[in-house]
Amino acid sequence: MFEHVNDVQRKDIPYRKYSGKKLQEELKNMAKMTKKGVLKLVKEKKIRYVELWFVDILGRLKGFTITDAELEDALESGKGFDGSSVEGFARIYESDLLALPEPETFAILPWHQEGDIIGRMFCGILNPDGTPYVGDTRHVLKTILAEARKSGYIYYVGPELEYFYFRTPENTQVLDEGGYFDTIPVDFGFNLRRQTCFFLEKVGVPVEYTHHEVAPSQHEIDLRYTDALAMADAVITYKVVAKKVAADHGVFASFMPKPVFGVNGSGMHVHQSLFKNNRNAFFDAKDKYLLSDTAKYFTAGLLEHIPGITAVLNQWVNSYKRLVPGYEAPVYLSWARRNRSALVRVPEYKPGRENATRIELRSPDPACNPYLAFALMLGAGLDGIRRKVRLSAPVEKDIFAMSHEQRQEEKISTLPGSLVEALSLFSRSHLARRILGDHIFTKFIENKEIEWDKYRTFVTDYETKEYLPLL
């Protein structure tokens with residue numbers, strides 16, 4: 001996944017040859033788009049409407065549509081909107097905000113509405129005076145990426161997002177009984193995934209590969225790695241496209257972490273590395289594990305801080321129905337090379353592919369806010385580098401099969417087991433508060449406390465079936 005990085009500039013990252021030469025050129029041109037270029041393209045393609053996208057504090061897509069006549073003004077000055085109704089944004093008495101579209105994120109949506117061609121851009125959220133708004137999670141990621149650049153680092157990520165296809169949004173009736181890497185005829189989602197990949201590449205999101213996952217009707221599309229900001233935008237786009245394609249075919253795509261009892265939940269394994277001076281800063285040919293000190297410090301920092309940032313990487317009550325042993329969701333704080341029961345895996349190096357050296361964090365799920373998730377993962381790793389945190393020895397045993405006593409002997413602790421436990425650790429994380437800022441940090445806790453209160457007072461079907469006849 002992390003091979004062939006020849007340059008740290010996003011515009012120069014080469015894409016898979018199977019994407020086609022024409023598509024490769026289109027993707028590079030998108031990445032270099034300027035205000036003037038957007039206006040020219042909109043005029044040439046006769047694009048009537050442009051959607052301005054941003055996310056709320058939880059990573060849910062928000063936005064509004066402007067006409068081509070309003071585009072130039074939007075690119076120069078932004079477009080005003082009421083932020084008081086957006087989760088985690090402004091209070092009622094400070095509601096005026098601006099959405100400033102970023103030209104390099106411009107893409108033409110691959111579906112038309114009543115014949116109209118529609119474009120889209122991601123936006124930065126500003127205060128009326130033009131300063132960055134403290135509730136803009138995209139700006140949080142930009143800030144920590146800038147901090148990394150001061151040390152010469154470029155942060156690359158490549159997530160693997162899993163999801164389910166269901167008959168409707170109202171139930172979890174699956175489309176197939178396929179399993180891992182099954183193909184047609186049992187993989188009824190094959191054509192849905194194929195069209196999703198086609199649409200993703202048309203909007204500038206390169207796909208590495210796609211396949212059926214372990215659970216019935218569960219699927220995965222892996223995005224070609226790139227810099228973290230572009231990838232966070234790509235994750236949001238991925239979910240929009242997957243849901244759009246599914247809806248067009250009369251079914252429903254869900255990124256819920258654990259929608260079906262008794263089968264694997266959906267994760268978002270995040271492959272990540274740092275590059276410095278056009279070289280992979282995680283690779284060391286002389287090391288026993290082929291990992292540099294930078295990679296070891298980064299991994300140690302991630303393992304040290306992850307209990308305190310899990311509330312963001314796994315932000316829903318339902319996330320913790322996935323984070324249990326036995327369903328390929330690692331919960332034990334350890335690292336390994338071959339062992340997929342470890343929280344962090346280091347895929348084995350292949351000669352001639354030094355650029356592919358990376359670490360894979362296996363706990364996040366696809367329902368998180370990718371801007372905050374990537375920001376906190378990077379922040380934790382950079383803190384490990386700064387403090388030169390020592391990395392423990394790898395654990396290559398099956399941790400799921402260990403007894404509690406054996407895990408204690410190995411000094412293997414666990415991730416928080418519920419949202420309320422994760423929130424307790426998050427609220428004490430100085431790293432999370434520093435990276436997110438007081439506003440997002442506080443608003444996130446407030447929102448999740450409300451979610452937990454609703455959940456803990458709700459009487460479930462399980463309780464009714466289990467206890468009503470007995471008590």
For segment 94-105, does any single residue satisfy the condition of being under 25 Å from residue 196 (Cβ atoms) and more than 26 Å from the chain's Cα centre (by Cα)?
no
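Name the residue that is nearest to residue 224 (Cα to Cα), counting only residues in segment 152-195 that are of a type in the set (Ser, Thr, Tyr) and at pLDDT 95 or above.
So the first thing to find is which residues in segment 152-195 are of a type in the set (Ser, Thr, Tyr), and the list is 153, 155-156, 163, 165, 168, 172, 180, 183.
Next, only the ones that are at pLDDT 95 or above stay: 153, 155-156, 163, 165.
Details: 153: 19, 155: 14, 156: 10, 163: 18, 165: 22 Å.
Going through the qualifying residues, I end up with 156.
Sort out which residues of segment 29-53 are more than 14 Å from residue 119 (Cα to Cα) and within 21 Å of the chain's Cα centre (by Cα), and write them in order of number. Give the derivation first.
Residues of segment 29-53 more than 14 Å from residue 119 (Cα to Cα): 29, 31-32, 34, 36.
Within segment 29-53, just 31 meets the criteria.
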Would you check which residues across segment 42-55 are assigned to a helix (DSSP H, G or I) and within 15 Å of residue 102 (Cα to Cα) and list them?
42
Conditions (1) of a type in the set (Phe, Trp, Tyr); (2) closer than 22 Å to residue 220 by Cβ; (3) modelled with pLDDT of 95 or more: number failed by residue 327
(3)
Given (1) at pLDDT 95 or above; (2) under 25 Å from residue 247 (Cβ atoms), index of the condition residue 86 fails
(1)
With respect to residue 441, determine if the residue is aromatic (Phe, Trp, Tyr) and touching a Lys or Arg at 6+ places or on another chain (Cβ under 8 Å).
yes
Only unsatisfied item for residue 294, checking (1) assigned to a strand (DSSP E or B); (2) in contact with a helix residue (DSSP H, G or I) (Cβ under 7 Å, 6 or more places away or on another chain), is (1)
Matching residues, segment 237-270, being surrounded by 22 or more Cβ atoms within 10 Å (Cβ to Cβ), closer than 20 Å to residue 310 by Cα and among the hydrophobic types (A, V, I, L, M, F, W, C):
268, 270
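The values are calculated or read from the model by the stated rules, or taken from the named source; none is laboratory data. The shown structure was predicted, so the numbers you read here are calculated from the model rather than taken from an experiment. Please note: Cβ atoms are built from the backbone with ideal geometry, for glycine as well, and neighbour counts cover all protein chains shown.
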